[in-house]
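The values are calculated or read from the model by the stated rules, or taken from the named source; none is laboratory data. Keep in mind the model is a prediction, meaning the values are calculated, not measured. Heads up, the Cβs are rebuilt from the backbone with ideal geometry, glycines too, and the neighbour counts pull from every protein chain shown. Calculation scope for accessible area: heavy atoms of the full protein, side chains included, ligands and nucleic acids excluded. Shrake-Rupley method; radii C 1.70, N 1.55, O 1.52, S 1.80 Å.
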Amino acid sequence: MKGLFLKDLGLVKGQKQFFGVILIMMVLFTTAYTNFAFIIAYITVMVGILTLTTISYDEFENGMGYLFTLPVSRREYVGEKYLFSIVTTLPGLAAVSVFSFVFSRIREIEFSVGEWALSVVISFLLVTVVLAVIIPLQLKFGADKSRVALMIVWGIGIMAVYLGIKVCEAFGINWEGAIEWIYGMKPAVSLAGITVICGILMAISYLISVQFIEKREF
């Protein structure tokens with residue numbers, strides 16, 4: 001797994017233009033926008049998708065077929081992708097979070113420590129959900145077909161949320177109160193809860209990815 005990690009790290013280091021775009025967007029957003037919670041979430045997700053680019057490179061010209069002729073198991077390959085996604089996402093989340101907090105103070109925009117901490121936690125959950133959905137799809141369908149599959153999955157997800165809200169309204173369930181209750185939680189409690197949720201999501205996603213990659217022919 002160490003060799004796979006070093007390979008992906010080398011691929012990421014070669015994407016200097018991508019990091020340049022991320023840095024420019026971070027500067028522009030923090031100097032022009034006031035919604036720092038959105039900025040943290042958006043940049044974090046963009047950094048998170050770096051893992052997907054490494055899968056695309058592996059698939060280029062049947063590279064994955066060659067990769068599995070080496071002493072690398074498919075289970076190890078999948079595990080490395082999830083580990084790499086966490087290792088690359090956390091520094092990006094930390095950087096944009098600190099950057100946003102500092103600029104909120106420089107621009108004198110109201111962005112309390114509690115709101116900032118909650119934004120960081122929610123952004124971590126968001127990128128986890130994105131990766132937990134996209135990684136299995138890309139391993140199952142490949143880079144091109146996975147885009148179509150992703151659009152279908154997001155469409156179903158949005159429809160499910162919409163129907164869920166309508167059902168709650170029909171039965172008199174106060175779903176907005178539940179959201180307000182979550183926002184009112186202490187950062188330490190919400191962090192612990194979301195960490196558990198993220199761990200469960202990643203574990204389920206990993207098991208699905210292993211099933212997909214083991215059945216795929218190269």
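Quick notes
- Each Lys and Arg Cβ is given +1 and each Asp and Glu Cβ -1; about its Cα centre, the chain then shows a dipole of about 400 debye.
- Accessible area expressed per residue, the chain, with surrounding protein chains retained (probe 1.4 Å, Å²): 58 Å²
- Think of the chain as a dipole: +1 on every Lys or Arg Cβ, -1 on every Asp or Glu Cβ, centred on the Cα centre; then among Ile208, Leu23, Val12, Val12 lies furthest on the positive end.
- Backbone N within the stretch 28-71 under 18 Å of label point (7 Å from Glu110 Cα along the Cβ vector): 33-38
- D by Stokes-Einstein for the chain, Kirkwood Rh over Cα pairs, 37 °C, 0.692 mPa s: 172 µm²/s.
- Computed label-point distance, nm, for sites Lys13 and Leu163 using a 7 Å Cα→Cβ extension: 4.9 nm
- Residue-wise HN-Hα coupling along the stretch 196-206, computed from phi with Karplus coefficients 6.51, -1.76, 1.60 (Hz; x: Gly, Pro): 5, 4, 4, x, 5, 4, 5, 5, 5, 4, 4
- For the chain, a Gaussian network of Cα nodes joined below 10 Å ranks Leu207, Leu83, Leu28 by mean-square fluctuation, and the top entry is Leu28.
- Efficiency of FRET between Leu70 and Thr34 - r from beta-carbon atoms, R0 35 angstrom, step 0.05: 0.10
- Taking the average, over residues, of other Cβ atoms within 10 Å as the packing measure, peptides 33-45, 14-26 rank 33-45, 14-26 from highest down.
- If the segment from Leu23 to Thr195 were pulled out straight at 0.36 nm per residue, it would be longer than the present Cα-Cα gap by 59.2 nm.
- The largest-to-smallest principal axis extents of the Cα set in the stretch 50-90 are 32, 19, 9 Å.
- Only helices enter the 222 nm calculation for the chain: every DSSP H run of n ≥ 4 contributes -39,500 (n - 2.57), and dividing by all residues gives -29500 deg cm²/dmol, rounded to 500.
- Of the Cα atoms belonging to the stretch 1-49, the radius of gyration and Dmax stand at 13.7, 42 Å.
- The share of accessible area on the chain that comes from carbon and sulfur is 72 percent, using a 1.4 angstrom probe.
- Largest GNM mean-square fluctuation among Thr89, Thr31, Thr54, using the chain with Cα springs under 10 Å: Thr31.
- Comparing Val120, Val130, Val96 in a Gaussian network model of the chain (Cα springs below 10 Å), the most mobile by mean-square fluctuation is Val130.
- Amide H within-cut-off set for Phe111, under 5 Å, with H built and near neighbours excluded: none
- The stretch 121-137 - phi-based ³J(HN,Hα) in whole Hz, Karplus 6.51/-1.76/1.60, Gly and Pro as x: 5, 5, 5, 5, 5, 4, 5, 5, 4, 4, 5, 5, 8, 6, 4, x, 5
- Take the Cα of Ile204, step 7 Å toward its Cβ, do the same at Arg216, and the gap between the two points is 2.1 nm.
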